[in-house]
Each structure stands twice: as C-alpha cells, then as structure tokens.
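Chemist: Okay, here's the structure, questions in a sec.
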Amino acid sequence: MARAKSDSGAGTEATELSEAEIAVHWKEEEYFPPPASFAAQANLKDPKVMDRFALTKFPECYREFGEMLTWDQPWTTTFDGSNAPFYKWFVGGKLNASVNCLDRHLAQYRNKAAFIFVAENEEEPSVPITYQELWVRVNEMAALLRDEARLKTGDRVTIHLPMTPELPITMLACARLGIVHSVVFGGFSGESAGRRAADSGSRVLVTMDGYYRNGKFTDHKPGADAAVAIAKAEGQTVDTVLVWQRHPGKYLSQAKLVDGRDKVVNELLPKYRRKTVEPVSMPAEAPLFLMYTSGTTGRPKGCQHATGGYLAYVTATSKWIQDIHPTDVYWCMADIGWITGHSYIVYGPLALAATSVLYEGIPTFPDPGRPWRIAERLGVNIFHTSPTAIRQLRKLGPEEPTKYDLKFKTMTTVGEPIEPEAWRWYFTKVGKGKAAITDTWWQTETGGFLCTTKPGLDRMKPGSAGPPMPGIHPKILDENGHEVPVGSNKAGNIVIQSPWPGLMSTIWGDAERYKKTYFQKYNTKPASHDWRDWPYFAGDGALLAPDGYYRILGRIDDVINVAGHRLGTKELESACLTVPEIAEAAVVPVTDEVKGRVPEVYVSLKPGFTASPEIEKKVAHAIETEIGKIARPKVVRIVPDMPKTRSGKIMRRVLASISNTMDVGDVTTLSNPDVVEQIRVLVQGKAKVVTKTAPEDIKKFGQAE
Ligand code: WTA
C-alpha cells in the first residue's frame, strides 16, 4: 500500500529515488553558509533579531516595520486584536501607498530608474522609467480614472493587464486615490476576470489591446468583452472599459470598441498631461487591494489587504530578505498578476526606491539563455523566480547561465517546494556558488514571506524554506491539535500562532468564510476575542527539523499548485460541466517534471453520448476559456463512471492514485468498486504498474471526502 510504503523509510528504495520520492523520504541535506561578501553588506545583520521579535515582544516589535513607511498621521495603537481573528494594524495612522512608493523618493532618487521595462521582442531596446516619470504617469492616470471613469475612494476596479508598465501605473494610480484594485492575472481568461469583477463589485475594467507572449501578439481585448458579459450575468454592470494600447497610437485588437463603454486610455491621456492628483490620506486599515485566490470551494476568494499593515510588511521583508538597497538592480520574474508580483515587484521594491526589472514575456523566449542575457545586460544583482522556472531553464539550457557574466548577490525562489537537485543547479550554475539563496514560503493571504532563511545570517539548506521570519511563530499540529514533536520526521499542518501586519484583513464580502477557512480548524473557543485562541491555518503540510527549519510539503486541500499557482479543483470541474455532453468531472494533480503538478481531468458522459476525441478537446477548451491556459489539463479521460462513496461523493484520491501510478488502497467500501479497476486499465493498461510513492499533497488529495 502506498501509505505504508511511504512510512517505511528511504532505505528500501535508496537505489533509484525520483524527486517525488525525495519529497517524502527526505534525507537531511547539507548546509551552505551565507557568502561572506553578502553578509558584510546585508541590510539585516543583527544576530539577535529573533529575540527582538520574540512572542513576548508581540505586538510592539512590529513598530519597526511601520517605521519604514512615511505616515501622514502617526498611528496610536500598533495592533488591535479586540475582534480576533479580524485584526487591525497601526490604528489611527494615515498614509498613502503611492506616496510611499513614489513621492517620498523624488528628492533623492527622482532621476533613478524605478522600472526598466524589457519587451519580449529582443530587438526592442529596454525602457527605463525614472521615479520622476513614473510619478508623472501615475498622477495623469489617477486624474483620468477620476474624471473619465468617475472613480472615487473606496471603489473597486478590476485590472486585467499583461506585464507592461501600464499595469503598475494603473495600480499606483488607484492607490493614489484610495481606489481598491483587483488585478487578475493577464493569462487568465476574460471569464475569470468577469467573475472577479462581479464578486468585487467593479464597474470599471482596465485592459489592453494585446501583448507579446512566446513570440506572438496575443489579442487580449476580446477577454474584456467576455468579462463584461459574465459580470452582467452575475448581476454586476461594468459600465466603463479602459483600454491601454500596447503600442501607443495603434489599436491592434480584432475586437471592436464598444461605443459609450470602451475608452482608449492613450487617446485620453493628452487631456491629462501635467495633471497632478492630491494623494488621498488613507486609514491604515483601509483596503489597498484585493487578490483572488483559489480555495476548496468553487468561488475564488478576494483576499483583502490593508494599506498600512501590508505595505509595512512587504517593505520590511523586501529590505531584510530580498536585501534591496537603492543601488541594487532587482528582478523578480513573477507576473504582477499574482501576489508575488504585487508584493515583490511593485509595493516592496518601490517602497525601498529599488530599480526593478519588468519583463513582458516568457523566460524561454527566444531561447533559455534569455533571462541570463537580460540579467547580464542590466546588471541585475538580485534575482527572484519560482522552482517551475528554474526546472524549465535547467532542462532546456543547463549550461546557459555559465555563458554569461552573472553577478547575483542573492536569489529567491517562491511558489512551491524546490527539489534539492534544482536548488543545487540554481546555486552553482546561476549563482556561481556566490549568491545567498532564500526559499521563501508564504501565500496570497499572508501578504509577504513567512518562512525563509535570513540571507546574511542563516545557513541555507536545499529543499527547506528554513526558519520563520522574525515575528512569525509557526507550529506543526496534528489533526487533533496536538503539536507534532520536533524532529519526529512526521508532517502535520503548519499554523502561525500570532498575527502579523501582512496578514489579510478578511475575504472581500465574506467575513464568515475568512474565519472558517483560516482560523476555525484549531479554535476551541469560538466566542473568544483573544488572538491566542485563533492560530492561522495555512492549509499546507509541513515538517519541522531539529535545527528549526521548516520544510513545506504542499497543499492539504483540494487545490492543485500548478507551476507555483493555486488552482481550485472545483473551479476546473465546473468549467468541464459547461460542456453539454459531460455529466460529472473530477480533477486531480499529477506530478510533472517541469511544472511540479498538472491537472488531469476525468469526466463521465451523460446517457446517449459516446466517448470521442472531440469531447476530450471540448473539455480542454472549456477549461482554457473559463480559467485560462495555465490550467490546461495534461489529459482528459472519459470514464464509464466515477469511483464514489456510498453517499455518492467522487473519490478523487482514488483517481489521483491511478494517475500517479500509486496503489489505490482499499476500495471495497465504495459503492462501485469495480469501476476502479476499469479506470486503472484504461489509464495504465492491463499490467499492474509498479507502485510509486507520491508527494504528500497528492497522497492526501481529496482525502477529506
Ligand atoms: C506553496 C504564492 C513550498 C504553498 C506566494 C502555499 C510553497 C501556496 C512555497 C501559496 C515555498 C509557496 N515552498 N511551498 N517556498 N511558496 N508555496 O497563494 O503550498 O499563490 O500554500 O502564494 O504555494 O500560493 P500563493
């Protein structure tokens, strides 16, 4: 049985370990000390920093983070936990996020590049945008949002833009007016954007005609039309669509502009030339933005982040962990449409007056040497990416980094566990053995890093995120709320004992769901308003080693982490059900060499239909249009029936076992045990495939059912 086998230790399979198996039978990896040259210049050098942030120092220890910002009005209460688990930070304080990212740097850094935009087309020269110019463009856009789209403080705006400067410009213009932005990843479909617009109550959508991806011009504006239609069907009227042009002056989309609704930003901007907008002084707890993320139920959750707490937290973590100094050139390859981009391309780096590279395209275009050429040319010395990008660059161009003069002082990975092998390649080939690597574990909900080594202080250990951030106090609990002993080599649920300023304030429009999803599990006193009774439940499995390093195993809920991005299985399944022939759908994760996990789809047909490749294609297509290409399934399998419990619930765990060639375990209690073998033969062929062990998150997949 897969479970028993995984518990039996590494010894039995020592001869041929796959990376997936390493994830389960984890052997202790060797340590790498932080490079001395790095430590000497690090922002965070105090070896006593953990004492300064001990639990006994909560919450006043966080004053230090708040003090990194410029306030219009100082706060009176550092932390208000009186309505736990709904927290307020820096209460009484007022500030504006765009002022902290722009205005406050003008005196000293006016002439320094805030962003250097690199188009995907390598022939196009890179475009530096100074702090002065970014400030001007943000002001003009803010005036336009106010006057053309009639937006005011507190309104929500859905932004569906690619990785071009127009995206952070629009975000900061919103922040200047106290408008809550909700950025939807550009690669998500218009339908996704529309559902998020409806949930957030946005009457304005900001989009672009198109952009470049993998060498092709992608027509993006049709997505806006789909978004408006979906939002309308869900009861939300989007009355204004603001369309940026990828090449100012040219409108390159095939989609028509809708009279009275669509406005081309680049045509309107001349009217706003030299307009400045007084920044709105926002209460610290006012929402700065929403970022939707997938959870266990179909509807994505709008994680609401507060202006003061969030900004303080991303500024502090950017300073201490990313080690950003104003003299650095920093490049995070994530997309701004994810939380990593919000925190560590836009808000954190700009708050520290960094020069940040903004790259439009995919890392492997036109070849896997591209990131290294960009880094060499722009003198990037801080680099930030994901394990999936590392795996892909390593696979396609293992020796590419050695051809370039790379001088990274520190490099980050984020989004999913990184295999020690991939880590070592990153360290030796990309970092030339001279960069401090941080493996940062955190979530959309947490605003910024939770576990990571402190790059100038801690030893690195491949595969482990490391100790918690100063001020973060995790625990590993079993299902009954008992602490899993340190060094027991047993995984459990990672929780955070005390709040921190970067923690989201709530789920937009659904406070109950916030409480239920993140705090209910280990709360024993529902009436309590003491934060000590409400540990934050992250939904990840993790292991604590005797050295105090945390190793994250992955999600424990029905969320597939594809290439570092969370996709809700229920969302994918409902997309399948939009195909008329489909009766039932179940989506499970399978391990993938590059992406870590990819979804595999099982569907059964309504009576009267027969399986065909056309139906499979329709299902894949439905997922792409409803969610986006990122969710494209590895394969769609049409099965005679789904394995079900007696109460009729689909057993995804059984399907996940079949897809990952694991033993399915005991299925005799199912209502239709025979179908399991039929499906197994369909997927694996007649012969029984050798049982492998799968990563913890796949083994647990769907187990709650
Ligand atoms: C996973 C991305 C292992 C984890 C910032 C988490 C990681 C989910 C790491 C959040 C890491 C993120 N090691 N796993 N360094 N970083 N994860 O909300 O499962 O898109 O719960 O935020 O990614 O994904 P999200």
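Chemist: Which residues, counting only those in the stretch 435-447, are near the ligand (Cβ under 9 Å from one of its atoms) and either part of a loop (DSSP other than H, G, I, E, B) or aromatic (Phe, Trp, Tyr) (or both)?
Modeler: Across the stretch 435-447, the qualifying residues are 441, 442, 443.
Chemist: Quick one: how many residues across the stretch 448-460 are more than 11 Å from the chain's Cα centre (by Cα), part of a loop (DSSP other than H, G, I, E, B) and either buried (at least 23 other Cβ atoms within 10 Å of the Cβ) or at pLDDT below 95 (or both)?
Modeler: Counting residues in the stretch 448-460 that are more than 11 Å from the chain's Cα centre (by Cα), part of a loop (DSSP other than H, G, I, E, B) and either buried (at least 23 other Cβ atoms within 10 Å of the Cβ) or at pLDDT below 95 (or both) gives 7.
Chemist: When the residues of the stretch 44-63 are narrowed to those that are surrounded by fewer than 19 Cβ atoms within 10 Å (Cβ to Cβ) and more than 19 Å from residue 452 (Cα to Cα), which ends up nearest to the chain's Cα centre (by Cα)?
Modeler: 63
Chemist: For the stretch 539-548, enumerate the residues that are crowded, with 23+ Cβ neighbours inside 10 Å and either over 15 Å from residue 493 (Cα atoms) or near the ligand (Cβ under 8 Å from one of its atoms) (or both).
Modeler: Of everything in the stretch 539-548, just one residue is crowded, with 23+ Cβ neighbours inside 10 Å and either over 15 Å from residue 493 (Cα atoms) or near the ligand (Cβ under 8 Å from one of its atoms) (or both), namely 540.
Here is a yes/no grid of residues against (1) closer than 30 Å to residue 334 by Cβ; (2) more than 16 Å from the ligand (Cβ to nearest atom); (3) surrounded by 22 or more Cβ atoms within 10 Å (Cβ to Cβ); (4) at pLDDT 95 or above:
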| site | (1), (2), (3), (4) |
| --- | --- |
| 560 | yes, no, yes, no |
| 571 | yes, no, yes, no |
| 607 | no, yes, no, no |
| 630 | yes, no, no, no |
| 647 | no, yes, no, no |
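Chemist: Could you figure out which of (1) touching a residue at least 60 places away in the same chain (Cβ under 8 Å); (2) in contact with a helix residue (DSSP H, G or I) (Cβ under 6 Å, 6 or more places away or on another chain); (3) not β-branched (Val, Ile, Thr) isn't true of residue 434?
Modeler: Unmet condition: (2).
Chemist: Go through the stretch 250-280 and give me each residue that's among the polar types (S, T, N, Q) and either in a strand (DSSP E or B) or more than 24 Å from residue 133 (Cβ to Cβ) (or both).
Modeler: Listed by number, the residues that qualify are 253, 254.
Chemist: Let me ask another. As an exercise: evaluate residue 423 against (1) within 26 Å of residue 562 (Cα to Cα); (2) crowded, with 24+ Cβ neighbours inside 10 Å; (3) within 16 Å of the ligand (Cβ to nearest atom) and give the number of the one condition it does not meet.
Modeler: That leaves (2) as the condition not met.
Chemist: Something else now. Looking at the stretch 47-61, I want the residues that are closer than 20 Å to residue 34 by Cβ and have a partner that is small (Gly, Ala, Ser) with Cβ atoms under 7 Å, at least 6 apart or on another chain. Which pairs are those?
Modeler: So the pair list comes out as 53/471.
Chemist: Just give me the residues in the stretch 133-164 being over 25 Å from residue 119 (Cβ atoms) and out of contact with any Ser or Thr (no Cβ under 9 Å at 6 or more places or on another chain), in sequence order.
Modeler: Hits for the stretch 133-164 are 146, 147, 152, 153, 154.
Chemist: Give the residues of the stretch 331-340 that are buried (at least 24 other Cβ atoms within 10 Å of the Cβ) and either within 21 Å of residue 190 (Cβ to Cβ) or at pLDDT below 95 (or both), sorted by residue number.
Modeler: 336 - this is the single residue of the stretch 331-340 that is buried (at least 24 other Cβ atoms within 10 Å of the Cβ) and either within 21 Å of residue 190 (Cβ to Cβ) or at pLDDT below 95 (or both).
Chemist: Within the stretch 393-420, take every residue that is more than 16 Å from the ligand (Cβ to nearest atom), charged (D, E, K, R) and not in a helix (DSSP H, G or I) and give me the one that is farthest from residue 318 (Cα to Cα).
Modeler: Top of the filtered list is 399.
Chemist: Are any of the residues in the stretch 317-340 under 18 Å from residue 98 (Cα atoms), in contact (Cβ under 8 Å) with a residue 12 or more places away in the chain and more than 28 Å from the chain's Cα centre (by Cα)?
Modeler: no
Chemist: Could I ask something else about it? Restricting attention to the stretch 564-582, report how many residues are of a type in the set (Lys, Arg) and not in a strand (DSSP E or B).
Modeler: Going through the stretch 564-582 one residue at a time, the tally reaches 1.
Chemist: How do the helices (runs of 4 or more DSSP H) wholly within the stretch 78-177 filter down when requiring 2 or more residues that are crowded, with 22+ Cβ neighbours inside 10 Å: which remain?
Modeler: Those helices (runs of 4 or more DSSP H) span 97-101, 131-147, 166-177.
Chemist: Among 45, 5, which is the only one that is modelled with pLDDT of 95 or more and among the charged types (D, E, K, R)?
Modeler: Being modelled with pLDDT of 95 or more and among the charged types (D, E, K, R) holds for just one of 45, 5, which is 45.
Chemist: Select from the stretch 313-327 the residues that are closer than 17 Å to residue 34 by Cβ and more than 16 Å from the ligand (Cβ to nearest atom) and list them in ascending order.
Modeler: Across the stretch 313-327, the qualifying residues are 319, 320, 323, 324, 325.
Chemist: Something else: Which numbered condition in (1) within 30 Å of residue 510 (Cβ to Cβ); (2) without any contact (Cβ under 8 Å) to a residue 60 or more places away in the chain; (3) not acidic (Asp, Glu) is the only one that residue 36 fails?
Modeler: (1)
Chemist: Quick one: would you say residue 590 is surrounded by 19 or more Cβ atoms within 10 Å (Cβ to Cβ), away from the ligand (no atom under 14 Å from the Cβ) and not basic (Lys, Arg)?
Modeler: yes
Chemist: Step by step: first the residues of the stretch 352-390, then only those that are within 16 Å of the ligand (Cβ to nearest atom) and either over 18 Å from residue 115 (Cα atoms) or without any contact (Cβ under 8 Å) to a residue 12 or more places away in the chain (or both), then the one that is nearest to the chain's Cα centre (by Cα). Which residue is that?
Modeler: 386
The values are calculated or read from the model by the stated rules, or taken from the named source; none is laboratory data. Predicted model, so just to flag it, every value in this text is computed and none were measured. Cβ coordinates were reconstructed from backbone atoms using ideal geometry, including for glycine residues, and neighbour counts include every protein chain displayed.
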